[in-house]
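Input: a single structure, listed below in structure tokens.
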Amino acid sequence: MKIIYLLPHASLCGGIKVIAEHVSGLNARGHDAAVWGLTGDFGWFPRPVPHRTFGSTDELGAALKNTRAAKVATFWITASWIPQNLQDGEQGFYLVQDEDELTYGGSSHGTSYKLGLVNITEGEFVTGEIERKHSVKCHNVGIGIDPKVYRPLPYIRERHRILTALRTTSAGPAGLKGWDIAVKVIGEIANRLPGASLVTFGMEPVATLFEWIPHIHIDSPSDRKLRELYSQAGLYVSCSRH
């Protein structure tokens, strides 16, 4: 199958990495999958991700109209690119990774879910919320990860080791990832459990480590390094507000 994923910008973040996993995995299975978008590249991803960029949405739309493929929106903005650029008999799709209206400025009326596209979701929670709020059907396909990489390792877990992502920013509202909450939680744990230690990871620069708990920060770890960290930790802390 020829499959085109539509993306405004190919920057490194969790949601876009999922799309890269989809495309590279589909190509490994013999399909002809690619990402079409406006800016950015996938030089940060470890496997090939065919990526075509266009100078404008009009230019992209014209190419989309002239290409027969399974066309997959990946964001509420790109969902609007598909309906008018389908050929006769084609079906469009929308990969919904989160509720658009709660995080990234989409319509509170669920407009992007009602464009005649097949809504594809990755998690049961998002599937249930969209179906409950907007009375539209979603097809849950699961998250795009490589189970050959992300699997438990036979390590002895350090029972009092805390692992958390150090992320103070997001593409959505300020504070969405709840880093301020995580700091308070870590402080409370350190007060109550003197033997606790902390490992953080992420892409953001870290000016200083926590002084009141043994702390190691891993800068931009590989997937395999993350697998080690997850397998060694006694507790993973996630304080996202959504």
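What the Kirkwood sum gives for segment 82-221 is a hydrodynamic radius of 18.7 Å, with every pair of different alpha carbons counted.
If you sort L226, L235 by accessible surface, 1.4 Å probe, largest first, the order is L235, L226. The trypsin sites (Lys or Arg not before Pro) of segment 49-112 that DSSP puts in a loop, and whose beta carbon has at most 16 other beta carbons within 10 Å, are R68. Principal-axis analysis of the Cα atoms of the chain puts helix 124-134 at an angle of about 50° to the longest axis. Dimensions of the chain from C-alpha coordinates, computed as largest minus smallest value along each principal axis and given longest first, are 66, 37, 32 Å. Axis angle, to the nearest 10 degrees, between helix 223-232 and the longest C-alpha principal axis of the chain: 40 degrees.
Taking a point 7 Å out from the Cα of H160 in the direction of its Cβ, the residues of segment 167-197 whose backbone N falls within less than 16 Å of it are 186-197.
Segment 186-242 and segment 103-140 have their alpha-carbon centroids 33 Å apart. Taking N as the residue count of segment 1-141, its C-alpha radius of gyration divided by 2.2 N^0.38 Å amounts to 1.00. Over 30 Å apart at the Cα level, from the set K2/K133; K71/K133; K114/K184; K114/K225; K65/K148; K17/K133, are K2/K133; K114/K184; K114/K225; K65/K148. Computed as a quarter of the hull surface, the mean projected area of the alpha carbon convex hull for segment 159-223 stands at 5.0 nm². Counting only DSSP beta bridges with both residues in the chain, the antiparallel share comes to about 0 percent. Helix 14-28 and the longest principal axis of the C-alpha atoms of the chain enclose an angle of approximately 60°.
Between I181 and N66, the FRET efficiency from the beta-carbon distance, with R0 = 51 Å, is close to 0.55.
The values are calculated or read from the model by the stated rules, or taken from the named source; none is laboratory data. Owing to the predicted nature of the structure, the values given are computational and were not obtained by experimental measurement. Cβ: placed from backbone, ideal geometry, glycine included. Neighbour counts: every protein chain shown. SASA here: full protein model, heavy atoms, side chains in, ligands and nucleic acids out. Shrake-Rupley method; radii C 1.70, N 1.55, O 1.52, S 1.80 Å.
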